[in-house]
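To start, the structure under review is shown below, and the notes come after it.
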Amino acid sequence: MNYKIKTSVLISLLTINGTIATFAQSTKSITLTEAVQLGIRNSKLLLQSQAKSAIAEATLKQFKERRLPNASIAGSYLRVTKPTLAVLFNTNSSDSSGSAAPDISQATYALANVSYTLFDGFKNSAAIQSARYLKQATAFDETTDRQQVMQNIIAAYANLFKANNSMALVKDNLNQAHQRMLDFERLEQNGLIARNDLLKVKLQESNIQLSLLDAESDLHIANLNMNLLLGLDEKTVLVLDSSSFVLAKESQSLSYWEQQAADNRADYKAIGLRLKAANENIKSAKGGYYPSLSLIGGYVALNVPNLIRVSDAWNGGIGLKYNISSLWKTGSEVNLAKAQMMQTQAAQDLLSDQIKLQLYQSYEAYLLSIKKIEVFDVAIQQANENYKIMNNKYKNSLATTTDLLDADVQQLQARLNLAYANADAVVAYHKLLQAAGILQQ
């Protein structure tokens, strides 16, 4: 009787705690599609990807601006001491003994220079093209990150779905176990069963209570993880839509998915663009072997009171510059650029192998998940029938209490397996879409 009271109190406490938690926390009903959309809007990973895209855009703009003319203006006003001036050449003057040095105490000058590079060995044009490729690559990187965010949300939604189902099934099983314990108590009091059988039933109820505590903990963790991914308040209780896990079985072959991956994998397209950028970097490095040719022009104004005044001194022309040290310095830059290109090429080959493996694993995992659902569909029917038979046998003293309890555990496990298999199949299918590069579609 004491055990009966304790069990009733525990179930009541669980119900009360759940009711209090419901009032204390806000609830939000959300479908899988809504969760994905909300997660994308609030994803910190995508904010980081957008920042990388902004950096790539700024870098491209920086290289483009290098093609614009360079212009500078400088001017100074100087106070100077009285200089000592000596005329060192013959002025052809018949009498220079009376000449005196001018009184100089200040000087003013202004300079303006403009230059425009006509040819720099194709260094800047190659750098611009490289930056353009890298900007396009970051756009594909953002697509890859977006698909990863989507997959993470789908997996988290599935985990929360499984936690909710586990909680509901364990609660239902606990109610059945509690009712069975009450029935066995009455039978034991009337001397119809041995006390050992009653203890077995009570032990099973205790084990289910422990399973319920584990299920509650898993549910809280899964709910918190989902809230963090979606950018919601941590205490929000999410109510999921079970129709999100109705899976339409696909019949496409592996070759279909391989073609999809070849056409749509954003990360493979990104590394292809980085390979092109690395090739442009080689061209830019080789530009050091060439001279530079520029249009130059300027203006000079100078005023030294009592000595000289220069104005309207415009100048213009063509400037040619060649850095002789580039003959022995440029080679190392070219070799470095070639090594970086080799590294990118190796990364592309490695990614190609990884895509093939990911696609095959995802395809096999999806097929396996479909087969599991078919097996668990049959298993749950068998478990239900087995429990009915064992229950009848037990009532007719043809089966032991242990047999009955085992049948009950098998029935619960079959129900859990089917619920988990349905959720896992949805995750596996979306993982296959991600491996093929079409999850975003």
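Expressed in nm to one decimal, what extension gain is obtained for the pair N225 and K82 from 0.36 nm per residue of sequence separation less their Cα-Cα distance?
Working: separation 143, 0.36 × 143 = 51.48 nm, distance 8.12 nm.
Full-extension gain reported as 43.4 nm.
Take every pair of alpha-carbon atoms less than 8 Å apart whose residues are at least six positions apart; their mean separation over the length of the chain yields a relative contact order of 24 percent. Summarising the amide proton neighbourhood of D241: residues at separation of 5 or more, or on other chains, whose placed amide H is nearer than 5 Å comprise I30, L32. Rounded to the nearest whole Hz, the Karplus-based 3J(HN,Hα) values (6.51 cos²θ - 1.76 cosθ + 1.60, θ = phi - 60°) of segment 227-237 follow the sequence 4, 5, 5, 8, x, 9, 4, 4, 8, 5, 8, with x at glycine and proline. Given +1 at the Cβ of Lys and Arg, -1 at the Cβ of Asp and Glu and no other charges, the dipole of segment 118-227 around its Cα centre is 240 debye to the nearest 20. Pairs with C-alpha atoms separated by more than 18 Å, drawn from the list K162/K372; K52/K283; K162/K202; K123/K283; K123/K321; K123/K286, are K52/K283; K162/K202. Rounded to the nearest 10 degrees, what's the angle between the helix 266-286 long axis and the longest principal axis of the chain, both from Cα atoms, 0 to 90? Tilt of helix 266-286: around 20 degrees.
Computed about its Cα centre, the charge dipole of segment 144-193 is approximately 200 debye, with only Lys, Arg, Asp and Glu carrying charge at their Cβ. Of the trypsin sites (Lys or Arg not before Pro) found in segment 218-307, those that fall in a DSSP loop while having at most 16 other beta-carbon atoms within 10 Å are K235, K249. Each peptide in 75-81, 116-122 gets a packing score, the mean of other Cβ atoms within 10 Å over its residues, and the list from highest to lowest is 116-122, 75-81. Counting 0.36 nm for each residue step from K61 to N396 and taking away their Cα separation leaves a gain of 112.0 nm.
With the convex hull drawn around the C-alpha atoms of segment 148-296, the volume per residue stands at 266 Å³. Which shape class, rounded, prolate or oblate, goes with the chain when its Cα gyration tensor gives a ≥ b ≥ c as root eigenvalues, a/c under 1.5 marks rounded, and past that a/b bigger than b/c marks prolate? Here the chain falls in the prolate category. FRET efficiency for the S206 to L45 pair, using the beta carbon distance and R₀ = 41 Å, is estimated at 0.40. Projected over every direction and averaged, the convex hull enclosing the alpha-carbon atoms of segment 118-223 yields 9.9 nm². For the chain, the longest principal axis of the C-alpha atoms and the axis of helix 2-24 are separated by about 30°.
Using alpha carbons only, how many degrees (0 to 90, rounded to 10) separate the axis of helix 326-395 from the longest principal axis of the chain? So the helix axis and the longest Cα principal axis differ by about 10 degrees. Charge tally around T144: other residues with Cβ under 9 Å, Lys/Arg +1 each, Asp/Glu -1 each, net -2.
For the peptides 145-152, 316-323, 389-396, 172-179, the ranking by mean Cβ contacts within 10 Å, running from highest to lowest, is 145-152, 172-179, 389-396, 316-323.
Sort T138, T84, T27, T108 so that the residue with the fewest other Cβ atoms within 10 Å of its own Cβ comes first and the one with the most comes last.
Fewest-to-most Cβ neighbours within 10 Å comes out as T84, T27, T108, T138.
Think of the chain as a dipole: +1 on every Lys or Arg Cβ, -1 on every Asp or Glu Cβ, centred on the Cα centre; then among L238, A346, A177, A346 lies furthest on the positive end.
None of the figures in this text is laboratory data; all of them are computed from the coordinates on show. Remember, predicted model here, so these are calculated numbers, not experimental data. When we count neighbours, we look across all protein chains shown, and the Cβ atoms used for this are built from the backbone with ideal geometry, even at glycine.
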